[in-house]
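Worksheet for the structure shown next.
The values are calculated or read from the model by the stated rules, or taken from the named source; none is laboratory data. As the structure is a computational prediction, the values presented were derived from the model and not from experiment. A quick note on method: Cβ atoms are made from the backbone with ideal geometry, for glycine too, and the neighbour counts reach across all protein chains shown.
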Amino acid sequence: MNVMKKILILCLVMAWSITGCYEDKGDYDYRNLAEGTIGNVNGSYHVSVGDTLIIEPEIVFDLETKVGLKYEWSVELDSVFSREKNIEYIIPLDAPEQMKWVLQVTDTLSGLTFMTQTMVRVSSLYSDGFLILSEKNGVSSLSFLKRVKGEWARCIYDIYEGIEGVSLDGKPVQIHLHDLGNQTDEHIMLLQDDFYKCLDLDGANLEKSLELSKEFQVIPENVRPKQVFFDDWYSFLLAEDGRVFGRKNFSSEAFHTGYFSQYPMVYMEPDAVGEEVAHQLNADRFVYDMNTENGYVFVYEKERKRFLYIRGASSYGTIGEPKCAGYPNGFIPMDNLGNNELIATSGYWWNDYYIPAGGLYNIIKRADGTYVGQMLLTDDPEDIVAESQREFKGDMMNDNILLLIPDNGRGRGFGCPYAFIASGNVLYYFGKDAEGEIVPERYYSFPAEIKAMEDEFYANEYLCVGLANGEVYLLKINSEGFASDEAGRLVMKMDQNVGMVKQIIHKAAE
């Protein structure tokens, strides 16, 4: 009986279901839904602050109609910044380093939404180019020659005035590119003739970050800055009178966490009778552009005719004499130049099979008036290798030449094999690794005296040259450049006068 009831109930339910379906006379629109794809939007874009990013998507439907479409461009599906299909977006100064942009396309008739996304990576306006320090209208000025998408097409002038609304109001001395610590972005220390007008600038936007005078609790008397050098644990300031002031950072992760001492650096040295006495460091210059993996900087004492080194990492603050196991016969030693004069010096570094290595190249005027160039391997200041010493030939040699050794950042055989000498208005080159006498050859002739030059770090394909008359040129120094005549070596000339050039540094792409 129970079984019969269940069968009867099941039959009634089925009959009711069939009847219900049959009697449903609702009015329904069964039109096809639109489906589409979005093309012509790259997976990522690399731009700089101030660039205009243009994206023109291509919408492809599986239906012929393309009506009733709504567009929304947003950041992370959150902040909508455009409701147009095509966008021309100017990257603002406060743009983050990367943004995920999402384009949503909605068919308003069906309600169907489909989307695509792209990653926009933003680099500083002042990266991948050359920063130029000059004297313009009697005061310091900063300009920038920038590469955009592989082309040297952007020149930016009077940068500080444009940002801060006032001039730098001092005469230029030096710019030094450094980090604020291992985990921070680049900064630039700008030295001027007035100690109280020396500034640390944010490397990304060149806005004022800190005044140098605020980095001293007690300011030394009559200090006129000449050079600075920042290392992981120690910072050094060289004054015009040869005094060197040091600062120990509280942490290698953050500079400006301590104060410079008001007392000049000293080290112990035996006197004439062998007794250890304090010797005040009297430096003429720091030597830059060296491999600093071992954490030190060379200084040159002009009066004592010798190089010393200062540790900036391990055993930071230690001052020592560079040691060489044995100089070849006739080689002028680093710790005693004797009656000879140091004319120019340049540090350089390269990747020796991807192991960073450093070197030092000196041009020295001997007592007889001849000039020699000496190359030393300086990975370890306690174990220096004297590679070569060769005599220069040619009337371009004088006491006022400038020297530049391009770095071989990409590894052995990939960098520029030549060194450059600027003599008057002419740029010369010579093979730094060649044998025998050095006979520099002319590379390019300019309309005015060369005051500064800098190579493109790592790739070594370009050389930026600044002149006394305020003109700035960019030359090719790659294989194509050396295979060309002088006219073929010129890439461009900046279209405005920047004032008498003092220094040029390269800022790598981010």
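Summary table below
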| item | result |
| --- | --- |
| Residue match in region 106-119 (condition: touching a residue at least 24 places away in the same chain (Cβ under 8 Å) and surrounded by 21 or more Cβ atoms within 10 Å (Cβ to Cβ)) | yes |
| Selection status of residue 196, modelled with pLDDT under 95 and either part of a loop (DSSP other than H, G, I, E, B) or in contact with a strand residue (DSSP E or B) (Cβ under 9 Å, 6 or more places away or on another chain) (or both) | no |
| Residue in region 215-229 that is farthest from the chain's Cα centre (by Cα), counting only those that are farther than 20 Å from residue 167 by Cα and not in a loop (DSSP other than H, G, I, E, B) | 216 |
| Residue match in region 158-181 (condition: surrounded by 18 or more Cβ atoms within 10 Å (Cβ to Cβ), in contact with a helix residue (DSSP H, G or I) (Cβ under 9 Å, 6 or more places away or on another chain) and assigned to a strand (DSSP E or B)) | no |
| Region 429-451, residues that are within 18 Å of residue 364 (Cβ to Cβ) and crowded, with 17+ Cβ neighbours inside 10 Å | 430, 432, 438, 440 |
| Qualifying residue in region 307-318 (condition: surrounded by fewer than 19 Cβ atoms within 10 Å (Cβ to Cβ), hydrophobic (A, V, I, L, M, F, W, C) and modelled with pLDDT under 90) | yes |
| From the options 134, 124, residue that is under 22 Å from residue 456 (Cβ atoms), out of contact with any Gly (no Cβ under 6 Å at 6 or more places or on another chain) and buried (at least 18 other Cβ atoms within 10 Å of the Cβ) | 124 |
| Residues that are of a type in the set (Lys, Arg) and touching a Phe, Trp or Tyr at 6+ places or on another chain (Cβ under 7 Å), drawn from region 478-510 | 489, 493, 507 |
| Filter pass, residue 498 being surrounded by 15 or more Cβ atoms within 10 Å (Cβ to Cβ), outside any loop (DSSP other than H, G, I, E, B) and of a type outside the set (Lys, Arg) | no |
| Selection status of residue 480, farther than 20 Å from residue 365 by Cβ and either among the aromatic types (Phe, Trp, Tyr) or not in a strand (DSSP E or B) (or both) | yes |
| Qualifying residue in region 402-424 (condition: farther than 30 Å from residue 144 by Cα and crowded, with 16+ Cβ neighbours inside 10 Å) | no |
| Output for region 378-387, where each listed residue is crowded, with 18+ Cβ neighbours inside 10 Å and of a type outside the set (A, V, I, L, M) | 378, 379, 381 |
| Residue selected from region 73-105 under the condition surrounded by 13 or more Cβ atoms within 10 Å (Cβ to Cβ) and among the basic types (Lys, Arg), by the criterion farthest from the chain's Cα centre (by Cα) | 85 |
| Condition check for residue 391: touching a Ser or Thr at 6+ places or on another chain (Cβ under 7 Å) and touching a residue at least 12 places away in the same chain (Cβ under 8 Å) | yes |
| Which numbered condition residue 112 misses (of (1) on the phi > 0 side of the Ramachandran plot; (2) modelled with pLDDT under 90; (3) not β-branched (Val, Ile, Thr)) | (1) |
| Among (1) outside any loop (DSSP other than H, G, I, E, B); (2) within 30 Å of the chain's Cα centre (by Cα); (3) at pLDDT 85 or above - the single one residue 277 does not satisfy | (2) |
| Among (1) more than 25 Å from residue 376 (Cβ to Cβ); (2) outside any strand (DSSP E or B); (3) aromatic (Phe, Trp, Tyr), the one test that residue 473 misses | (2) |
